[in-house]
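Single-structure report; data block below.
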Amino acid sequence: MLTLKPVSLTDGKAVYDMLQQIEANDNGFMNGVKDLPYEEFPAHIAEKVNMAQGIGLEDWMVPSSTFWLMDGDTPIGQGNLRHRLTNALRESGGHIGYAIAKPYRGKGYGKELLRLLIAQARAMGITENLLVTVWLNNIPSRRTAEACGGILVKENDERAFYEFPA
(Lines give C-alpha, C1' and ligand atoms only; values in the text may rest on other atoms or scores of the structure.)
Protein backbone atom coordinates (compact mmCIF):
# COMPACT_ATOMS: atom_id res chain seq x y z
CA MET A 1 0.00 0.00 0.00
CA LEU A 2 1.29 3.45 -0.91
CA THR A 3 1.32 6.10 1.80
CA LEU A 4 2.78 9.53 2.52
CA LYS A 5 5.23 9.71 5.40
CA PRO A 6 6.10 13.16 6.75
CA VAL A 7 9.79 13.98 7.00
CA SER A 8 11.14 13.04 10.41
CA LEU A 9 14.34 13.46 12.37
CA THR A 10 14.53 9.64 12.42
CA ASP A 11 14.75 9.38 8.59
CA GLY A 12 17.91 7.52 7.73
CA LYS A 13 19.82 5.56 5.13
CA ALA A 14 16.84 4.19 3.18
CA VAL A 15 15.53 7.71 2.48
CA TYR A 16 19.06 8.98 1.78
CA ASP A 17 19.69 6.16 -0.70
CA MET A 18 16.39 6.83 -2.47
CA LEU A 19 17.27 10.52 -2.81
CA GLN A 20 20.57 9.59 -4.46
CA GLN A 21 18.43 8.21 -7.31
CA ILE A 22 16.88 11.63 -8.06
CA GLU A 23 19.01 14.22 -9.87
CA ALA A 24 19.92 17.49 -8.15
CA ASN A 25 17.69 19.31 -10.67
CA ASP A 26 15.21 16.74 -11.88
CA ASN A 27 12.98 18.54 -14.39
CA GLY A 28 12.79 21.53 -12.05
CA PHE A 29 12.51 19.50 -8.83
CA MET A 30 15.43 20.54 -6.65
CA ASN A 31 16.98 17.68 -4.66
CA GLY A 32 19.48 19.06 -2.17
CA VAL A 33 20.54 15.59 -1.04
CA LYS A 34 21.95 14.33 -4.36
CA ASP A 35 25.68 13.74 -3.75
CA LEU A 36 25.44 15.20 -0.23
CA PRO A 37 27.71 13.25 2.15
CA TYR A 38 25.61 11.03 4.42
CA GLU A 39 27.12 12.72 7.49
CA GLU A 40 25.37 15.95 6.42
CA PHE A 41 22.00 14.30 5.81
CA PRO A 42 20.65 14.66 9.39
CA ALA A 43 21.16 18.45 9.25
CA HIS A 44 19.31 18.58 5.92
CA ILE A 45 16.42 16.61 7.40
CA ALA A 46 16.32 18.94 10.42
CA GLU A 47 16.01 21.92 8.04
CA LYS A 48 13.06 20.21 6.30
CA VAL A 49 11.36 19.55 9.65
CA ASN A 50 11.81 23.22 10.59
CA MET A 51 10.54 24.43 7.20
CA ALA A 52 7.23 22.68 7.80
CA GLN A 53 6.87 24.69 11.01
CA GLY A 54 7.99 27.96 9.41
CA ILE A 55 11.22 28.00 11.44
CA GLY A 56 14.42 29.44 9.99
CA LEU A 57 12.91 30.58 6.70
CA GLU A 58 14.61 33.22 4.59
CA ASP A 59 12.50 36.25 3.57
CA TRP A 60 11.52 34.77 0.21
CA MET A 61 10.54 31.35 1.60
CA VAL A 62 7.17 30.03 2.77
CA PRO A 63 6.45 27.06 5.06
CA SER A 64 6.79 23.81 3.15
CA SER A 65 6.17 20.23 4.23
CA THR A 66 8.20 17.32 2.86
CA PHE A 67 6.81 13.83 2.47
CA TRP A 68 8.17 10.50 1.32
CA LEU A 69 6.06 8.26 -0.88
CA MET A 70 6.33 4.87 0.79
CA ASP A 71 5.51 1.46 -0.63
CA GLY A 72 5.38 -0.39 2.66
CA ASP A 73 8.77 0.34 4.23
CA THR A 74 10.42 1.32 0.94
CA PRO A 75 10.78 5.01 0.06
CA ILE A 76 9.87 5.56 -3.61
CA GLY A 77 9.86 9.35 -4.04
CA GLN A 78 9.67 12.79 -2.46
CA GLY A 79 6.92 15.38 -2.44
CA ASN A 80 7.01 18.95 -1.20
CA LEU A 81 3.91 20.92 -0.33
CA ARG A 82 4.11 24.68 0.10
CA HIS A 83 1.51 25.95 2.55
CA ARG A 84 0.91 29.16 0.58
CA LEU A 85 2.31 30.98 -2.44
CA THR A 86 4.07 34.27 -3.05
CA ASN A 87 3.78 36.06 -6.39
CA ALA A 88 7.19 34.65 -7.37
CA LEU A 89 6.08 31.09 -6.53
CA ARG A 90 2.96 31.57 -8.65
CA GLU A 91 5.27 32.05 -11.63
CA SER A 92 7.96 29.48 -10.95
CA GLY A 93 7.12 26.95 -8.30
CA GLY A 94 3.55 26.31 -7.32
CA HIS A 95 2.24 24.50 -4.26
CA ILE A 96 3.46 21.01 -5.08
CA GLY A 97 6.74 19.58 -6.30
CA TYR A 98 7.52 15.91 -6.51
CA ALA A 99 9.94 13.37 -7.94
CA ILE A 100 10.10 9.61 -8.14
CA ALA A 101 13.42 7.77 -7.79
CA LYS A 102 14.63 6.47 -11.15
CA PRO A 103 14.11 2.73 -10.53
CA TYR A 104 10.40 3.34 -9.85
CA ARG A 105 9.51 5.62 -12.76
CA GLY A 106 6.95 4.69 -15.37
CA LYS A 107 4.95 2.57 -12.93
CA GLY A 108 2.24 5.03 -11.86
CA TYR A 109 3.95 6.16 -8.65
CA GLY A 110 4.07 9.82 -9.74
CA LYS A 111 0.31 9.90 -10.23
CA GLU A 112 -0.27 8.35 -6.82
CA LEU A 113 2.18 10.74 -5.16
CA LEU A 114 0.51 13.79 -6.70
CA ARG A 115 -2.94 12.46 -5.75
CA LEU A 116 -1.82 11.93 -2.15
CA LEU A 117 -0.19 15.40 -1.97
CA ILE A 118 -3.40 17.05 -3.20
CA ALA A 119 -5.37 15.18 -0.52
CA GLN A 120 -2.76 16.18 2.09
CA ALA A 121 -3.03 19.85 1.09
CA ARG A 122 -6.77 19.75 1.62
CA ALA A 123 -6.36 17.94 4.96
CA MET A 124 -3.94 20.69 6.03
CA GLY A 125 -6.60 23.31 5.30
CA ILE A 126 -5.21 24.72 2.06
CA THR A 127 -8.46 25.77 0.44
CA GLU A 128 -7.26 27.77 -2.57
CA ASN A 129 -6.79 26.22 -5.99
CA LEU A 130 -3.54 24.27 -5.89
CA LEU A 131 -0.89 25.12 -8.48
CA VAL A 132 1.58 22.72 -10.05
CA THR A 133 4.06 23.94 -12.66
CA VAL A 134 5.62 21.51 -15.13
CA TRP A 135 8.39 22.00 -17.70
CA LEU A 136 6.74 22.18 -21.12
CA ASN A 137 8.72 19.23 -22.50
CA ASN A 138 8.09 16.98 -19.48
CA ILE A 139 5.27 15.04 -21.09
CA PRO A 140 5.02 12.34 -18.38
CA SER A 141 4.51 14.99 -15.67
CA ARG A 142 2.00 16.85 -17.79
CA ARG A 143 0.03 13.62 -18.24
CA THR A 144 0.26 12.99 -14.50
CA ALA A 145 -1.14 16.45 -13.69
CA GLU A 146 -3.99 15.96 -16.13
CA ALA A 147 -4.75 12.44 -14.86
CA CYS A 148 -5.05 13.86 -11.33
CA GLY A 149 -7.58 16.49 -12.40
CA GLY A 150 -5.24 19.37 -13.17
CA ILE A 151 -6.60 22.04 -15.48
CA LEU A 152 -4.09 23.72 -17.78
CA VAL A 153 -4.55 27.45 -17.09
CA LYS A 154 -1.56 28.90 -18.97
CA GLU A 155 1.82 28.26 -20.51
CA ASN A 156 4.91 30.41 -20.84
CA ASP A 157 8.21 29.77 -22.61
CA GLU A 158 9.28 27.20 -20.00
CA ARG A 159 6.33 25.90 -18.04
CA ALA A 160 2.77 24.66 -18.12
CA PHE A 161 0.61 25.78 -15.17
CA TYR A 162 -1.98 23.36 -13.84
CA GLU A 163 -4.57 24.25 -11.23
CA PHE A 164 -6.41 21.78 -9.07
CA PRO A 165 -9.71 23.36 -8.02
CA ALA A 166 -10.57 23.62 -4.35
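Under the membrane-span-like helix rule (DSSP H runs whose alpha carbons stretch at least 18 Å along the helix axis, mean Kyte-Doolittle hydropathy 0.0 or higher), the chain yields 109-123. Here's the list of lysines a cross-link from Lys107 could span, going by alpha-carbon distance under 25 Å and ignoring same-chain residues fewer than 8 apart: Lys5, Lys13, Lys34. Averaging the Cα positions of each part gives two centres, and for the stretch 1-72 and the stretch 111-161 these lie 20 Å apart. Overall shape: oblate for the stretch 49-166, with the ratio a/c of the largest to smallest alpha carbon gyration tensor axis at 1.5 or above and b/c at least equal to a/b. The heavy atoms of Arg142 offer some 40 square angstrom of accessible surface to a 1.4 angstrom probe.
Peptides 155-161, 57-63 ordered by packing proxy, namely the average of other Cβ atoms within 10 Å per residue, highest first: 155-161, 57-63.
Give, in nm to one decimal, the length gained when the segment between Thr74 and Ala88 is fully stretched (0.36 nm per residue of separation minus the Cα-Cα distance).
Values: separation 14, 0.36 × 14 = 5.04 nm, distance 3.45 nm.
Extra length available between Thr74 and Ala88 comes to 1.6 nm.
Residue separation of Ala24 and Glu128 scaled by 0.36 nm, minus their Cα-Cα distance, works out to 34.5 nm of gained length. Based on protein heavy atoms only, the chain ends up with 52 Å² per residue of surface accessible to a 1.4 Å probe.
Each of Lys5 and Arg105 was given a label point 7 Å from its Cα along the Cα-to-Cβ line. The distance between the two points is 2.3 nm.
Where does the charge balance sit around Lys34 when Lys and Arg score +1, Asp and Glu -1, over other residues with C-beta under 9 Å from its C-beta? Before the final figure, lay out the partial values.
Details: positive: none; negative: Glu23, Asp26, Asp35.
So the environment of Lys34 carries a net charge of -3.
Can you give the local net charge around Thr66? Use residues other than it whose beta-carbon is closer than 14 angstrom to its beta-carbon, Lys and Arg +1, Asp and Glu -1. Neighbourhood net charge equals +1. The charge dipole of the stretch 23-166, taken about the Cα centre with unit charges on the Cβ atoms of Lys, Arg (+1) and Asp, Glu (-1), comes to about 560 debye, rounded to the nearest 20. Given R₀ = 30 Å, FRET efficiency for Ala46-Glu155 by Cβ-Cβ distance, to 0.05? Between Ala46 and Glu155 the formula returns 0.20.
Run the accessible area of the stretch 49-154 with a 1.4 Å probe and give the carbon-and-sulfur part as a rounded percent.
Numbers: 2640 of 5240 Å².
Carbon-and-sulfur percentage of accessible area, whole number: 50.
Only one residue of Gly32, Met1, Ala52 has its Cα farthest out toward the positive end of the dipole of the stretch 1-54, where Lys and Arg carry +1 and Asp and Glu -1 on Cβ, and that residue is Met1.
The values are calculated or read from the model by the stated rules, or taken from the named source; none is laboratory data. Given the structure is predicted, the values throughout are model-derived calculations rather than measurements. Positions of Cβ are generated from backbone atoms using ideal geometry, with glycine treated the same way; all protein chains shown enter the neighbour counts. Protein only, heavy atoms only, side chains kept; ligands, DNA and RNA dropped before computing areas. Shrake-Rupley method; radii C 1.70, N 1.55, O 1.52, S 1.80 Å.
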